[in-house]
Amino acid sequence: MTYHPQLKRTALAGAALATAGIMVLSGCSAQQGATTLDKDADVTITMWSGQTDEAQDLIETLAKEFEDEHPNVTIDLSAGASSTEQLLQKLSAGFAGNSYPDISYSFGAWASQLEASGRTLDITDKVSEPDVKWDEFSDAARATVQPTGEKTIGFPAIVDNLSLIYNKTVFDKAGVDYPDESWDWNDFRDAAKKLTDAESNTYGYGYSVSGSEETTWQFWPHLWQNGGEILSDDEKSAAFDSDAGVKALTYLQGMAVTDKSVYLDQTDTKFGQLFASDRIGMITSGPWQLYDLVKAGTDYGVTVLPGTDGDHQTVSGPDIWALFDHKDKNREYWSYEFVKWLTDAEQDVRWNVAIGNLPLRSSEVDSAEFKEQAAAYPGLDTMAANNENAKQARPTVPGYVNLSEAIGSAISQVLQGQKDPAEALKAAAEKANEKLGESK
């Protein structure tokens, strides 16, 4: 079975492209189709997969299988655009010209804008049915397809999370015990200091200071585990400049500035390379990292993030299958049925698991297909189980990308000894609030 590492699309490109924007429509609707459901009527549904290569081939095979089981259904399947990143703009143009699909792969960061477009279906009642087994999706995945909490606009498509990856060679050389699920952040900091060796240019931990979403989403678990929030309850203002936020950033400042145990990566990529070559003891990363580590022959292990008072909460960046309304009961019915079928465990092990992503559903962890992948890429099973600790979704509000840039810059400055945590977070919140106000 071939492993294709999932790019950090949800963490990086997805958030960055949320600035593209989707118009909020009013007084403009699709042409009325079937007003009553006829399950036997011939129907064509259009799907933009956002996939290429093996992932696209597999989803085409699955679509053909669904068509064979339902001869009256034709699935007009394409990638939708030359890259996943271009789908948002294409969807926006399609909404304006009533030429949008029934189903589209979408970055989770776009979810609020898609709902605000007025074009999405609301499948809340449907997913509450027992056969859907909605609770098998992680909390973060469910929250991402329910961006405002008022509607469910689709199904999770891809899930990931940040886990703690440790380099056994570096640990063994320093005589430090490997981390496990009992660790708290004090254990983590103590280990990072012991692993750091100035003579050999070895660091205990690697962290991005590029100011990108990589910098930001590495911080969210610290914030959440300390009881903090990213946004206010009404999502109109930043809330990360709280006592919890200051405590979390002060902790990282202590590691980076006082202990000097953190490799501060300006590029988002070097810390992974240095870890693979036994120069960094610990990184927090996801399933996309394992392919490179196995290829490099790195002796590594994976466990959950260190915890705060037993809370090992992590961050996830789920992508979604968004469902769209064409005022046609037949298209609505079969679009839902296909995506429900596609995300059932039996099909997901032949798509997500087959291409090396984490399984969408908790029930897939015991499947033969996933066990095979986990044997080839040690730690993949731990990352799948860690989805249980993905309890909150990153915000999908249009102003999130600006918020991310503001706090990412603040974190970078603090970790490089340039600013005080409280002052930096306050200034970042003020900057974020300007853009959040514009997006409302």
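Just so it is clear, none of the values below were taken in a lab; they were calculated from the coordinates. Note that the coordinates shown come from a computational prediction; the quantities given were computed from them, not determined experimentally. Reconstructed Cβ throughout: ideal geometry from the backbone, glycine too, with neighbour counts over all protein chains shown.
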Exercise for the section: Pull out the extension gain between D40 and E150, defined as 0.36 nm times the separation in residues minus the alpha carbon to alpha carbon distance; nm, one decimal. Expected result: 36.4 nm
Exercise for the section: Would you kindly calculate the translational diffusion coefficient of the range 190-274, applying Stokes-Einstein with the Kirkwood radius from alpha carbon pairs, for 20 °C and a viscosity of 1.002 mPa s, and quote it in µm² s⁻¹ without decimals? Expected result: 154
Problem - Charge dipole (debye, nearest 20) of the range 159-212; +1 at Cβ of Lys and Arg, -1 at Cβ of Asp and Glu - result: 220
Exercise for the section: Whole Å is fine, so just give me how far the alpha carbon centre of the range 70-101 lies from that of the range 385-414. Expected result: 28
Fill in the blank from the handout: Magnitude of the Cβ-charge dipole (Lys and Arg +1, Asp and Glu -1) of the chain about the Cα centre, nearest 20 debye, reported as 1260
Handout entry: FRET efficiency for S200 and S128, using Cβ-Cβ distance with R0 set to 60 Å, rounded to 0.05
Key = 0.60
Exercise for the section: Specify which residue in the list T36, A192, A345 is farthest towards the positive end of the charge dipole of the chain, using unit charges on the beta carbon of Lys, Arg (+1) and Asp, Glu (-1), about the Cα centre. Expected result: A192
Completion exercise
Any trypsin sites (Lys or Arg not before Pro) in the range 262-330 that lie in a DSSP loop and have at most 13 other Cβ atoms within 10 Å would be K327
Practice task
Evaluate the relative contact order of the chain (contact order divided by residue number), counting alpha-carbon pairs under 8 angstrom at least 6 apart; express in whole percent.
Solution key: 27
Problem - Relative packing of 225-232, 156-163, which averages over residues the other C-beta atoms within 10 Å, highest first - result: 156-163, 225-232
Completion exercise
Counted neighbours (other Cβ, 10 Å), sorted fewest up, put R189, R350 in the order R350, R189
Practice task
Compare the Cα positions of S237, Y203, F219 along the charge dipole of the range 189-241 (+1 at Cβ of Lys, Arg; -1 at Cβ of Asp, Glu; about the Cα centre) and return the one farthest towards the positive end.
Solution key: Y203
Practice task
Step through the table entries K295/K371; K173/K295; K151/K426; K90/K126; K168/K247; K327/K435, compare each Cα-Cα distance with 26 Å, and write down the pairs that go over it.
Solution key: K151/K426; K90/K126; K168/K247; K327/K435
